[in-house]
Amino acid sequence: MQAPNLQPVFKLELNHKVTPGVVTIAKYDGTHACLTASAGYDKIIIHHPHGGMISGRAQRSLAHGEVSELNLSQAVIALATGQIKPDCNRDMLLIGSPTQILAYDVHDNSDLFFKEAPDCVNVIIVGYFGKYKDILVIVGGNSSVLALNWEGTELFWNVVSGKVCSMIIFDFDKDGENELLIGCEDSYIRVLKNNQFIMEIAETGPVICLSQISDVRFAYGLGNGTIGIYEEGIRLWRVKSKQNVVSLQWSGENLACCWANGRVDWRDGTGRVQRRVQMRSNAAAMLLADYRTVGVPDLVCISDRGEVLGYPPLQENIGLNKSSKKMASEEDRLAVTELLNKKQALLVELQHYEANVASVNQDQERSLITMPTNTRLQVAVAPDSEEGSLQLAISTNNETIVRVVLILAEGVFESGETLARHPHVGQLKSLLFVPLQPPRDVPVDVHIKALVGYPESEQFHIFELTKQLPRFSMYLMLNPSLVKTKIDSYVTFRITERVQRICIWINQNFLLDEEIELESEDTKELHVSFICLRDKSRLDMDFGVDGQVKFTTHDISLAGELVQSLAIYLNLSDLQVCYIFFYILC
Amino acid sequence: MDYELARIDYTLCGITYPDALRILPSTEHKIQQKFVIGDKNGVLQCLSVIDEEPVVHFKTLPGKPITSVQLASSVGNNTDKIFAASGNEVKGYTKKGKVFLSIETSVSETITSMCVLGSDLILCSGRTVTFYRELQEQYCYVCDDRVLDAIAFAIPNKSRVRILVLIANKEALIIENGKLQNRTHIFAGPTRFTTPQSLHATEICAFYGAVDGSVGIIFCEESEIHSKCLVEGCGLGSVTCVGWYTNNSGTHLAVGRHDGSIQLYLTNPENLKEKPRLKFTYFSGEPVTSVCGGCISTNEPELLVATFSGRIFGLRSSRPTSSINSISGDALATRRSKLEAEVTRLEKQTANEREKYQKTTRSIYGGISAPPLLDIQHELSGATYDGWQEAKITSAVPLDMLFVYCENKLEIQTDNAAVLSTCAPQASNNTELLTTIRCQAGTRRLWLRMRNLSFEDTKMEGTRVLVYILPAGVPRVARLIKFHLPILPHYTKYEPLEIEETKRSWCEVRVSGAFSVAEMTSWLTELLPGELPRPAINVNFARSHSFLETYLICKYQRGSAFFKSDNISTVLILKNFISNCCIKRNIREDILYDVPEDSCVTSFQLIKNKFVSEYRKKKDYDIKKALSSLDLDANTLNEATAPVLCEDYLRIWKISDDNTTETNYDQLVETIEKWYENWFKLSLSGMYCSNEFINLQNALKNCQLDEVEKILDFKHKSLHNNVNN
């Protein structure tokens, strides 16, 4: 389908370069919106089309009459604004430099506070969080988040396992209090509530963009070009692009996506593109703001060369002025096009079946396009401890061969999204092994496309199937009789749960040759051992009679993952865990 | 003002080839016109449109694919005769669908394009243009390369006609009476052309659309052919068809492209060479094969379009039209519900067939599943100046994925819309390429650009690239397409043999041995891109390098072959390759070769200007890079009062980013260095001296032309040596 173009409602040039991502819009005098952006290393520009010449530190720009320049002595990494000053409806500007945060009142030309940030500043947001009554300034650093009040006093901080790339404030669990959603470089979206992480959503790339859509939904964008929408922790849809997303905004009934190459598209509830426009250069930011003061926020797109374009929310029926009869017929025409699309696809399919019958009647054997109809594809996953990987065994049940196997999975392969196998002509067999090494302990959906035929075929049949690898598929179960190597590091905790349920958890989360079963109904304890295919390290799990659980491993993150996984499975909201880890310093 | 045209879908047919759609002229009592379309199934149908619903006037039985449809040109009274070409046959139909003519021609390849003028019929097939008069073959002209399109022009007061021909090596020819009259080279590479309707059939003038997406005009002045590019390509795909569309603002050139774009350009009938104005652009999403203007569904002109997959739709003004012939909403709703019913019926039928098919896959009795081959067209171009070879893939059904495999390391690029992902080789020491390309929904065409990373003189075969094409729909089959990248991919341009007479410093190789012409032809296909002449008793042809413009002349017959080139590296590769082929086939061969001492220096002089300009370009680029990292403000720079940069730098600063990123300087340096090395591999005199090689490298780096020439001039040096001795 064609995605028609859209005309902007306003358009202006800042005549300054704009640093991508470091842009905000604020009302410094409480009524008029001003676009504020970083224009190169340490320069901030403020666009004030509604007059109100800003005095003080800001200087009038030579390049543009309605732009003021503000020079700092440090690089500008992040900008944020908000009405943080109590009993004041003016927005304050927050400027993040590599090691400090400055809160500046543009209108009064005064500093609110100045705060050192030893963990670097990557993202700043402003908003109400948790039980705090005041608006907070939340700063995301290289491995932590830090909350400040309007005077720069630190209210809380917490450690995040990775660089913070994006943050939003969002009522995740719908209890009337806001939680903090943190998009991290290590591919997780984390939810912070009352200074505790209550949820971790595993994604497949650095989470560079988060945006609230409604009370229950938020959109996300990854460093690998994926965007999508979550509702209550469940992903509704996602699509992948070659470009990186710069910003996501909910405008009208559509998700507007701004891509790094300057493309902006509007997508409907299922992620299908409705409209698109292309800016003349790469995109720097896209914000929602009522820049025309008409009462409805427009989508304001800013390119890295300082071009600013404003788009109103999309309306379903653009030509309201046209007669309803006309509308109806246009709709019919679109429907006819769509129906002919369908008809064409069906005719092609029918033709294939007809031709198939015809050629079968001619009784061609092993020609260039045939395959026995009773061919089946079988797929099995087996750990390979020598290679330190999983082996995906893909085979047919007859003399046909597996010519090509394409494995599609996200976050599993070092380069790109696929792994392909294409054996040499001399090595064509009906069985093909594909090694897989999931780098992280997350459940992985593996989509397999296998092309099956004869070695000399010109056309192959495609077999497609999806295999889900459990979270801890890279751990191979060991015979319990093997002597235990001594590991001093372990975690212990106590649970009150029957061992039977633990068995189910193990069966679901590990890749086992055969499911583990208890010897009898009365068994009260369980001891299992695994070896990690990645580094051949050992993992012991002991579930004692008294509910005492001990995971012995030298890998602290694995221990954490195991405890998390088990706690979620058993629906435990609170668990006291004791970690004992020894590190040998080399 | 730009037009607003909306799409109205009429009907479906089989896969269509370029220019297989024609609109019949309007008759006296009816303005609305009929149209004819021929498809791959061999069905020719004539339709008209009533209330946006197609009405079939006649329809032939399926047969050989119809590759071209023409209406008789405007001489005489038979303007409504329809001619359809399929295979080597041409059939003539009346507008009632009666066959009044059927000839089986003597052309050996499929007719790809034809032209009818009065009782003259001009057929293009393969590399030949065949001229028929009164159904008698008059002459057949063999061109240097594939013939793309031809138009015949009558000569006033004479019975002869002149034929303007486009051929694939970017040339336009005029043939008269079986003889070449005139030729010109058109850089853009025209693919299709059409004559302006306003002109007489005698004046030679045609608008063309080209491979690079540009549009231009070919005209004849004082019996010389001239061409002029009117509109640049603007990054759009190659032009597949051109046509005319006339409305009340004037006559428009309609252009259909491989990337699915359709454009209308308003021409000036007073001055055709004036740049036409772009009035309308539409993206259909699939390759367009025909565009014609006419009154189809109303009395207002619209643009009728056919696509490769067989969609036929009109682009019509979406303004509320004069109410007389505008369709009522009811009729449209009826049409819609009728189609809905049909689709439902088809869905049921397809589901039944699918069920039947799947049942056979479940039965224990071994049946055979043999869906027909997917309809995929593919084409591989020769290497452009920077070494990329482009493969164009067109499919009738939407594509899901492509998988590309090659044993050699290749560089690969594809459409922006597709996601390319290359995974590591299967074994660690391998150089193979495993790339998957995931297409956007609805993709029916794709280009792939491939470039060999390592060229060795001793390479013994071309590079084979396997492309597996996985469609998005059912049935789930993947077609394998093989591309072959030759060892000397740059020799794409066909040249007349007369180039042998040009004054160049020719290196020669003479091979004699017990090989046949067919064997030699098959060996040379490994070396050279494109099609070679069919084996005959004597084969002679010439090509030129797309970047260096060096020549290669090949002449061979049974038992002996003779090659000539002014590029020493080409000669070395050729010699090594042929001798290897002979060894493989156990043929005893004698190879004699002769390399003139001034070969390198003469060839260098030919590319000297190119070298200097590329050197400057590279220098500019280096400065530009430095300038842009200075982070200069555009506004302060443009102020004339206080110049910040000197004029030279200002000029460089203003060069747009896109033009400067690629220079071929490195490539030229490598070529010249190779020449130097290869000279010592081929010539017996002189010793390779690494010191001198370093001197050469330095001279090239600093663009010291005299120094380079001195080093490459072996004649002078040997004289010098002799004197010393």
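Just a yes or no: is a residue in region A:392-412 within 8 Å of chain B (Cβ to nearest Cβ) and either without any contact (Cβ under 8 Å) to a residue 24 or more places away in the chain or over 30 Å from B:TYR357 (Cα atoms) (or both)?
Scanning region A:392-412 turns up no residue that is within 8 Å of chain B (Cβ to nearest Cβ) and either without any contact (Cβ under 8 Å) to a residue 24 or more places away in the chain or over 30 Å from B:TYR357 (Cα atoms) (or both).
Can you go through B:ILE437, B:ILE499 and tell me which one is at pLDDT below 85, under 25 Å from the mean Cα position of the chain (by Cα) and either at negative phi or not in a strand (DSSP E or B) (or both)?
The unique qualifying residue is B:ILE499.
Mind listing just one residue for me: the one in region B:72-106 that is modelled with pLDDT of 85 or more and of a type in the set (Val, Ile, Thr) and, of those, most open to solvent (accessible area, probe 1.4 Å)?
B:VAL99
Name the strands (runs of 3 or more DSSP E) wholly inside region A:211-260 in which the number of residues that are out of contact with any helix residue (DSSP H, G or I) (no Cβ under 6 Å at 6 or more places or on another chain) and under 19 Å from A:CYS184 (Cα atoms) is 1 or more.
Result: A:217-222, A:226-231, A:234-240, A:245-251.
Restricting the search to region B:566-586, which residues are over 27 Å from B:THR502 (Cα atoms) and open to solvent by 20 Å² or more (accessible area, probe 1.4 Å)? I'd like the intermediate steps shown before the answer.
First pass over region B:566-586, keeping only residues over 27 Å from B:THR502 (Cα atoms): B:579-586.
If the condition is that a residue be over 27 Å from B:THR502 (Cα atoms) and open to solvent by 20 Å² or more (accessible area, probe 1.4 Å), then B:SER579, B:ASN580, B:ILE583, B:LYS584, B:ARG585, B:ASN586 are the ones that fit.
Using beta carbons and a limit of 7 Å, which pairs, at least six apart or on different chains, have the first residue in region B:8-24 and farther than 16 Å from B:THR60 by Cα and facing another protein chain (nearest Cβ under 9 Å) and the second one open to solvent by less than 20 Å² (accessible area, probe 1.4 Å) and hydroxyl-bearing (Ser, Thr, Tyr)?
Sorted first by the residue in region B:8-24, then by its partner, the pairs are B:ILE8/B:SER297; B:ASP9/A:THR337.
Tell me, which strands (runs of 3 or more DSSP E) wholly within region B:1-52 include 3 or more residues that are among the hydrophobic types (A, V, I, L, M, F, W, C)?
Once the strands (runs of 3 or more DSSP E) in region B:1-52 are filtered for at least 3 residues that are among the hydrophobic types (A, V, I, L, M, F, W, C), what remains is B:5-12, B:35-38, B:44-50.
Restricting attention to region A:556-575, report how many residues are assigned to a loop (DSSP other than H, G, I, E, B) and at pLDDT below 85. Even if it seems obvious, please write down each step before you answer.
Step one: of region A:556-575, the residues assigned to a loop (DSSP other than H, G, I, E, B) are A:570-575.
Restricting the remaining residues to those that are at pLDDT below 85 gives A:571-575.
So the answer is 5.
Which members of region A:187-204 meet the condition of being assigned to a loop (DSSP other than H, G, I, E, B) and surrounded by fewer than 18 Cβ atoms within 10 Å (Cβ to Cβ)?
Within region A:187-204, the first condition is being assigned to a loop (DSSP other than H, G, I, E, B), and the residues that meet it are A:187, A:194-195, A:203-204.
Correct list: A:ASN194, A:ASN195.
Run down B:VAL43, B:VAL56 and say which single residue is at pLDDT 90 or above and more than 14 Å from chain A (Cβ to nearest Cβ).
B:VAL56
Just give me the residues in region A:222-244 being farther than 20 Å from B:ALA418 by Cβ and either among the hydroxyl-bearing types (Ser, Thr, Tyr) or buried (at least 21 other Cβ atoms within 10 Å of the Cβ) (or both), in sequence order.
Those that are farther than 20 Å from B:ALA418 by Cβ and either among the hydroxyl-bearing types (Ser, Thr, Tyr) or buried (at least 21 other Cβ atoms within 10 Å of the Cβ) (or both): A:ILE229, A:TYR230.
Scan region B:420-455 for residues that are within 11 Å of chain A (Cβ to nearest Cβ), buried (at least 20 other Cβ atoms within 10 Å of the Cβ) and of a type in the set (Val, Ile, Thr) and jot them down.
B:THR435, B:THR436, B:ILE437
What do you reckon, is B:ALA478 among the small types (Gly, Ala, Ser), outside the structural domain of B:ASN567 (by TED's automatic domain parsing) and outside any loop (DSSP other than H, G, I, E, B)?
Yes.
Would you confirm, using the coordinates I've provided, whether A:GLN500 is in a helix (DSSP H, G or I), under 30 Å from A:PRO435 (Cα atoms) and open to solvent by 20 Å² or more (accessible area, probe 1.4 Å)?
No: the conditions fail for A:GLN500.
Evaluate the following for A:GLN508: is it surrounded by fewer than 18 Cβ atoms within 10 Å (Cβ to Cβ), modelled with pLDDT of 85 or more and more than 30 Å from the chain's Cα centre (by Cα)?
On the way: surrounded by fewer than 18 Cβ atoms within 10 Å (Cβ to Cβ): yes; modelled with pLDDT of 85 or more: yes; more than 30 Å from the chain's Cα centre (by Cα): no.
Taking the combined requirement at face value, the residue does not satisfy it.
Please verify whether region A:425-438 includes one or more residues that are at the interface with another protein chain (Cβ under 8 Å from one of its Cβ atoms) and in a helix (DSSP H, G or I).
Looking for residues that are at the interface with another protein chain (Cβ under 8 Å from one of its Cβ atoms) and in a helix (DSSP H, G or I), one finds none in region A:425-438, hence no.
Which residue pairs have Cβ atoms under 9 Å apart, sit 6 or more places apart or on different chains, and have a first residue in region B:369-393 that is facing chain A (nearest Cβ under 10 Å) and touching a residue at least 24 places away in the same chain (Cβ under 8 Å) and a second that is among the acidic types (Asp, Glu) and open to solvent by 40 Å² or more (accessible area, probe 1.4 Å)?
Pairs that qualify, where the first residue is facing chain A (nearest Cβ under 10 Å) and touching a residue at least 24 places away in the same chain (Cβ under 8 Å) and the partner is among the acidic types (Asp, Glu) and open to solvent by 40 Å² or more (accessible area, probe 1.4 Å), are B:LEU373/A:GLU458.
Would you check which residues across region A:143-168 are open to solvent by 30 Å² or more (accessible area, probe 1.4 Å), closer than 30 Å to A:SER110 by Cβ and not aromatic (Phe, Trp, Tyr) and list them?
Passing the criteria: A:GLU151, A:THR153, A:GLU154, A:LEU155.
Got a number for residues in region B:394-409 being of a type in the set (A, V, I, L, M, F, W, C) and away from chain A (no Cβ under 14 Å)?
Within region B:394-409, residues that are of a type in the set (A, V, I, L, M, F, W, C) and away from chain A (no Cβ under 14 Å) number 0.
If you go through region B:425-434 one residue at a time, do you hit one that is outside any loop (DSSP other than H, G, I, E, B), at pLDDT below 80 and within 29 Å of B:TYR385 (Cβ to Cβ)?
no
Of the residues that make up region A:373-389, is at least one under 30 Å from B:GLN426 (Cβ atoms), buried (at least 21 other Cβ atoms within 10 Å of the Cβ), at pLDDT below 85 and in contact with a helix residue (DSSP H, G or I) (Cβ under 9 Å, 6 or more places away or on another chain)?
So far as region A:373-389 goes, no, none of its residues is under 30 Å from B:GLN426 (Cβ atoms), buried (at least 21 other Cβ atoms within 10 Å of the Cβ), at pLDDT below 85 and in contact with a helix residue (DSSP H, G or I) (Cβ under 9 Å, 6 or more places away or on another chain).
Here are the criteria: (1) closer than 30 Å to A:THR375 by Cβ; (2) in a strand (DSSP E or B). Tell me which single one A:VAL528 does not satisfy.
The number of the failed condition is (1).
Being facing another protein chain (nearest Cβ under 10 Å), farther than 30 Å from B:LEU668 by Cα and within 39 Å of the chain's Cα centre (by Cα), is that true of even one residue in region B:356-366?
The answer is no, given that none of the residues of region B:356-366 is facing another protein chain (nearest Cβ under 10 Å), farther than 30 Å from B:LEU668 by Cα and within 39 Å of the chain's Cα centre (by Cα).
The values are calculated or read from the model by the stated rules, or taken from the named source; none is laboratory data. Being a predicted model, the structure only gives us computed values, none of them experimental. For neighbour counting, all protein chains shown are included, and Cβ atoms are generated from backbone atoms with ideal geometry for every residue, glycine included. Areas reflect the complete protein model, heavy atoms only, side chains present, ligands, DNA and RNA absent. Shrake-Rupley method; radii C 1.70, N 1.55, O 1.52, S 1.80 Å.
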